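The values are calculated or read from the model by the stated rules, or taken from the named source; none is laboratory data. Bear in mind the structure is a predicted one, so any value in this text is a computation, not a measurement. Backbone-built Cβ (ideal geometry, glycine too); neighbour counts: all protein chains shown.
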Amino acid sequence: MGKIIALANQKGGVGKTTTSINLAASLAALGQKVLLVDCDPQGNTSSGLGVDVKSVAHHLYHCFLGEVEAKKAICQIEGAGNFDLLPTHIDLIGVEVELVAVEKRERYLAKALAPLRSEYDYVLIDCPPSLGLLTVNALTASDSVIIPMQCEYFALEGLSQLIRTIRLVKNSYNQKLSVEGLVLTMYDRRNRLTYQVAKEIKNHFKERVYDTVIPRNVKLSECPSHGQPVIVYDPKSAGAISYMNLGKEFLKKQQVKRGQ
Ligand SMILES: Nc1ncnc2c1ncn2[C@@H]1O[C@H](COP(=O)(O)OP(=O)(O)O)[C@@H](O)[C@H]1O
Ligand SMILES: [Mg+2]
């Protein structure tokens with residue numbers, strides 16, 4: 001039975017999409033069967049993997065509303081371990097309004113993804129930068145959450161809001177939901193503020209913070225315009241090495257959890 005993991009943080013630009021794409025690619029390269037679900041209507045995950053959403057027949061919006069089986073909307077991403085993508089489209093924004101008065105509106109994504117769970121080792125969901133209905137659906141569909149964090153002054157403030165939302169979803173809709181881990185992104189070792197914020201995050205979340213930190217690396221910002229994960233675009237770059245390390249650390253932690 002596969003594990004479903006949301007990558008969430010209501011702040012924009014913290015590395016959710018970069019981590020979704022590159023963790024999915026690393027896990028695939030490490031032999032895991034992976035599905036990446038693009039749950040952000042902006043579609044950066046889909047375009048960053050070279051999928052032209054205007055040319056796909058079906059996308060997450062159709063699956064969300066139950067019009068199309070999720071299986072039918074999946075595209076295959078090739079290179080460095082293949083993985084699957086459930087692409088999105090700007091139409092997905094409409095879900096927030098269309099479901100506003102519908103009962104159990106937080107469960108639509110869980111329902112759409114349920115038939116796929118057994119076909120993958122991991123299903124990763126890239127969330128939009130908000131705590132609206134799409135993110136609530138992603139959290140309701142998931143077993144756990146990975147929180148990408150950029151170590152800057154306001155990071156912690158946003159974090160408490162996110163943790164409150166996770167607790168709310170857990171208490172109301174999805175008892176099994178837990179925080180899988182926090183990933184420090186765009187890490188700059190020479191910056192004192194980065195160091196201080198990272199220390200505070202570690203004091204609070206302890207072993208849930210991954211030891212692997214993702215440095216600021218220009219290859220990571222370039223690779224989406226080539227439609228490739230960084231391990232394909234430049235496998236020797238610091239970005240590729242750190243996301244491979246994150247994949248390995250993630251899998252090691254899963255092994256420990258299963259053994260407990
Ligand atoms: N480690 C990194 N080094 C350099 N640029 C990065 C890194 N992580 C993300 N970026 C860039 O920062 C911007 C925001 O990242 P993104 O993953 O899209 O964040 P989010 O999905 O949280 O909004 C993008 O332009 C991305 O290419
Ligand atoms: Mg994003």
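Exactly one residue out of Leu131, Leu109 is among the aliphatic types (A, V, I, L, M), at pLDDT below 95 and over 29 Å from His226 (Cα atoms), and it is Leu131.
When we screen Val179, Val183, Val169 for residues that are aliphatic (A, V, I, L, M), at pLDDT 95 or above and within 15 Å of Gly15 (Cα to Cα), the only hit is Val183.
Got a sec? Which of Val37, Val123, Val145 is away from ligand 2 (no atom under 16 Å from the Cβ), within 14 Å of the chain's Cα centre (by Cα) and touching a residue at least 60 places away in the same chain (Cβ under 8 Å)? Being away from ligand 2 (no atom under 16 Å from the Cβ), within 14 Å of the chain's Cα centre (by Cα) and touching a residue at least 60 places away in the same chain (Cβ under 8 Å) holds for just one of Val37, Val123, Val145, which is Val123.
Identify all residues within the stretch 202-232 that are β-branched (Val, Ile, Thr), crowded, with 16+ Cβ neighbours inside 10 Å and either near ligand 1 (Cβ under 8 Å from one of its atoms) or over 14 Å from Thr185 (Cβ atoms) (or both); write none if there are none.
So in the stretch 202-232, the residues β-branched (Val, Ile, Thr) come out as 209, 212-214, 218, 230-232.
Filter once more, keeping what is crowded, with 16+ Cβ neighbours inside 10 Å: 209, 212-214, 230-232.
Within the stretch 202-232, Ile214, Ile231, Val232 qualify.
What helices (runs of 4 or more DSSP H), lying completely within the stretch 1-69, carry at least 1 residues that are within 11 Å of ligand 1 (Cβ to nearest atom) and surrounded by 18 or more Cβ atoms within 10 Å (Cβ to Cβ)?
Numbers: elements: 16-29, 44-48, 60-64.
Result: 16-29, 44-48.
Here the condition is being without any contact (Cβ under 8 Å) to a residue 12 or more places away in the chain and more than 16 Å from ligand 2 (Cβ to nearest atom); of Asp52, Asp84, Asp91, it holds for Asp52 alone.
When the stretch 203-222 is filtered for residues that are farther than 20 Å from Lys257 by Cα, out of contact with any Ser or Thr (no Cβ under 6 Å at 6 or more places or on another chain) and charged (D, E, K, R), the ones remaining, listed by number, are Arg216, Glu222. Within the option set Ile21, Ile77, Ile5, being among the hydrophobic types (A, V, I, L, M, F, W, C) and at pLDDT below 95 holds for one residue only, Ile77.
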